[in-house]
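The values are calculated or read from the model by the stated rules, or taken from the named source; none is laboratory data. Everything quoted here is computed from the prediction, not taken from an experiment. Here the Cβ is made from the backbone with ideal geometry for all residues, glycine too, and neighbour counts use every protein chain on show. Keep in mind that these areas ignore ligands, DNA and RNA; they rest on the heavy atoms of the full protein, side chains included. Shrake-Rupley method; radii C 1.70, N 1.55, O 1.52, S 1.80 Å.
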Amino acid sequence: MGIECRCRAWRAAPLTLALLAAAGCTGSPDTPDTPGKPAAAPSGSGAAPAVARVCAQPGAGPAKAPAGAVTVDPDVVGDLAEKTRNSPAGTTFWLRPGTHRLDPERYAQVMPKKGDRYLGAPGAVLDGGRKNAYAFSGTAPDVTIRYLTVQRFVAPTDEGVVNHDMADGWVIEHSTIRDNDGAGLMAGARQQVRANCLRDNGQYGMNAYKTGNTIRDLVVEGNEITGNNTGDWERRKPGCGCTGGVKFWSVDGAEVRGNWVHDNRGAGLWADTNNNDFRFEDNLIEKNDGAALIYEISYNAVIRNNTIRRNNWVEGRGSAERGDDFPFGTVYLSEAGGEPRVAARTDKIEIYRNLLENNWNGITLWENADRFCNSPANTSSGDCTLLVKDKARCAKPAIARAPLYADCRWKTQRVDIHDNRFVLDRSVVKCTDKCDRMAVLANYGTYPDWSPYKGKRVAEAITLEQHNRWHDNTYRGPWQFVVRDPGQVLDRWQWQGPPYRQDTGSTFATGRAGG
């Protein structure tokens with residue numbers, strides 16, 4: 001992604017500890033240099049050290065069929081789909097140990113009924129054989145899948161293997177969803193995704209999209225999300241914005257907590273287009289090729305107590321080597337901010353008590369002056385802000401006057417960044433330039449010709465007028481600060497001085513190593 005992402009922008013009580021214990025996780029991460037394992041968070045970071053180590057230590061399902069369950073035989077091809085068809089709603093199915101297969105037809109997927117429950121015995125695998133497109137489909141609500149490995153299905157791009165039709169109320173727990181094309185799973189309203197291994201899928205671990213934009217109250221907790229986007233879709237379709245560990249689209253209310261998100265090609269977590277009321281907390285996000293977290297044309301979020309390390313090395317370095325001076329951040333807010341008129345548990349974006357260590361750049365607040373409702377430069381072309389229901393209203397001459405002048409534009413505003421620890425050691429990141437930046441900036445507005453946002457208006461607003469504030473943070477390493485546009489790079493004294501007056505109460509140690 002890297003510069004491609006920027007180009008695209010231009011045109012319940014916490015259950016983490018219980019889940020980690022159920023998944024066989026430990027509370028003491030391994031040393032930083034152990035490949036494929038989480039590194040320990042430095043003391044005092046405020047970030048939770050426990051991670052969801054479920055791919056190496058998956059939870060084990062029941063060794064015997066529960067009372068009343070229908071037993072599914074791996075030696076009978078298509079047995080799971082057939083018994084689902086012939087059983088009433090609310091049936092529990094127990095899949096015996098072994099490899100279960102569907103009929104060798106593209107659309108031979110399982111079609112659950114309301115309230116069906118699928119439990120895998122230890123060693124139970126549902127294998128699509130690179131022939132079946134989907135594993136579980138249909139619109140039946142309140143389906144449960146536990147302790148099952150689902151692998152080698154071939155869903156098309158932007159579609160998913162589990163809950164393909166985005167039904168509501170599904171619970172997917174203690175399962176391994178791996179080596180599939182498309183997304184490992186889709187999402188519906190009230191979906192709970194807990195203690196799963198989502199790995200090595202062709203596009204996403206999960207694509208949280210539902211036709212009609214009706215996903216509400218989504219829980220993503222205690223999962224290991226790793227190695228996804230094996231198809232490298234951002235390179236195959238530059239600017240598609242269609243890759244990462246998890247992508248969220250128009251989700252209203254989400255808990256994303258206690259996950260280990262690592263080694264994905266592209267971004268780790270990416271919320272894009274009119275998401276609202278998110279909490280990202282207690283996650284370990286590390287070694288993703290792109291940003292750890294992108295929050296794009298969305299509203300009202302809390303990002304707290306996360307450990308974020310060694311992200312964006314591939315895409316950040318690639319962008320810099322191409323000569324691009326845009327400070328693409330490891331935490332990247334693109335036209336996303338707090339909005340009191342959109343109902344949520346907060347009316348701002350608050351980023352606090354996180355550790356960001358040895359990433360390529362820090363936090364970037366960006367706003368595209370040319371991206372607004374009804375503009376040809378808005379790549380989310382069918383969408384308007386949540387404040388304007390009819391995008392046709394965002395046109396001249398009305399757009400130049402209140403309230404549309406403010407309401408037709410997604411604004412990066414009311415972002416409060418405090419009590420974080422930012423550590424950068426260039427010898428670890430292996431960089432000499434363009435990896436050491438915080439930023440709050442916009443482009444010079446030029447397009448379309450009827451735009452009321454031309455010139456420096458948006459750059460001045462995001463930098464000085466929209467209540468974006470850093471304060472009471474701790475910095476270790478040679479940090480710089482970008483304001484208004486990529487060409488204005490400040491040292492920390494200029495950043496703290498007038499007219500910016502940022503990072504009041506923050507402390508700085510500017511040696512080579514972060515410490």
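What the table below lists for this structure:
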item	result
Residue list for region 268-284, restricted to those being crowded, with 24+ Cβ neighbours inside 10 Å and polar (S, T, N, Q)	Asn275, Asn283
Subset of region 396-426 that is over 30 Å from the mean Cα position of the chain (by Cα), over 20 Å from His467 (Cα atoms) and not hydrophobic (A, V, I, L, M, F, W, C) - its residue that is least open to solvent (accessible area, probe 1.4 Å)	Pro397
Index of the failed condition, Arg345 passing every other in (1) farther than 16 Å from Asn443 by Cα; (2) in a loop (DSSP other than H, G, I, E, B); (3) open to solvent by less than 10 Å² (accessible area, probe 1.4 Å); (4) of a type outside the set (Gly, Ala, Ser)	(3)
Region 479-515, residues that are of a type in the set (Ser, Thr, Tyr) and either at pLDDT 95 or above or open to solvent by less than 60 Å² (accessible area, probe 1.4 Å) (or both)	Tyr500, Thr504, Ser506, Thr507
Which listed residue is within 20 Å of Gly222 (Cα to Cα), under 23 Å from the mean Cα position of the chain (by Cα) and at pLDDT 95 or above, from Val143, Val154, Val161, Val150	Val150
Filter result (out of contact with any His (no Cβ under 9 Å at 6 or more places or on another chain), within 12 Å of Leu95 (Cβ to Cβ) and hydroxyl-bearing (Ser, Thr, Tyr)) within region 114-171	Tyr118, Thr149
Residue within region 307-318 that is part of a loop (DSSP other than H, G, I, E, B) and touching a strand residue (DSSP E or B) at 6+ places or on another chain (Cβ under 6 Å) present	yes
Enumeration of residues in region 285-306 that are in contact with a His (Cβ under 9 Å, 6 or more places away or on another chain) and open to solvent by 10 Å² or more (accessible area, probe 1.4 Å)	Lys287
Members of region 165-194 found to be surrounded by 24 or more Cβ atoms within 10 Å (Cβ to Cβ), of a type in the set (A, V, I, L, M, F, W, C) and in a strand (DSSP E or B), listed by number	Ile172, Ile177, Ala183, Leu185, Met186, Val193
Single match in Ala67, Ala63, Ala56 (criterion: open to solvent by 70 Å² or more (accessible area, probe 1.4 Å) and modelled with pLDDT under 95)	Ala56
Residue in region 454-464 that is open to solvent by less than 60 Å² (accessible area, probe 1.4 Å) and within 26 Å of the chain's Cα centre (by Cα) present	yes
Pairs, first of a type in the set (D, E, K, R) and open to solvent by 10 Å² or more (accessible area, probe 1.4 Å) in region 358-384, second modelled with pLDDT under 95 and outside any loop (DSSP other than H, G, I, E, B), C-beta under 7 Å, six or more apart	Asp370/Trp10
Wholly enclosed strands (runs of 3 or more DSSP E) of region 47-105 bearing at least 1 residues over 27 Å from Val154 (Cα atoms) and of a type in the set (Val, Ile, Thr)	70-72
Subset of region 319-338 that is closer than 24 Å to Asp282 by Cα and in a loop (DSSP other than H, G, I, E, B) - its residue that is modelled with the lowest pLDDT	Phe328
Residues of region 465-478 classified as open to solvent by less than 10 Å² (accessible area, probe 1.4 Å), part of a loop (DSSP other than H, G, I, E, B) and either more than 17 Å from Phe508 (Cα to Cα) or in contact with a His (Cβ under 8 Å, 6 or more places away or on another chain) (or both), total	1
Pairs with Cβ under 6 Å, 6+ apart, first in region 139-164 and open to solvent by 20 Å² or more (accessible area, probe 1.4 Å), second assigned to a strand (DSSP E or B) and of a type in the set (Ser, Thr, Tyr)	Thr149/Thr176
Region 363-393 - residue that is farther than 17 Å from Glu335 by Cα and in a loop (DSSP other than H, G, I, E, B) and, of those, farthest from the chain's Cα centre (by Cα)	Asp390
Where Lys434 falls short, out of the listed (1) surrounded by fewer than 22 Cβ atoms within 10 Å (Cβ to Cβ); (2) not in a strand (DSSP E or B)	(1)
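Matching residues to (1) open to solvent by less than 10 Å² (accessible area, probe 1.4 Å); (2) hydrophobic (A, V, I, L, M, F, W, C); (3) in a loop (DSSP other than H, G, I, E, B); (4) more than 21 Å from Thr330 (Cα to Cα):
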residue	(1), (2), (3), (4)
Gly202	yes, no, yes, yes
Gly212	no, no, yes, yes
Glu234	yes, no, no, no
Gly266	yes, no, yes, no
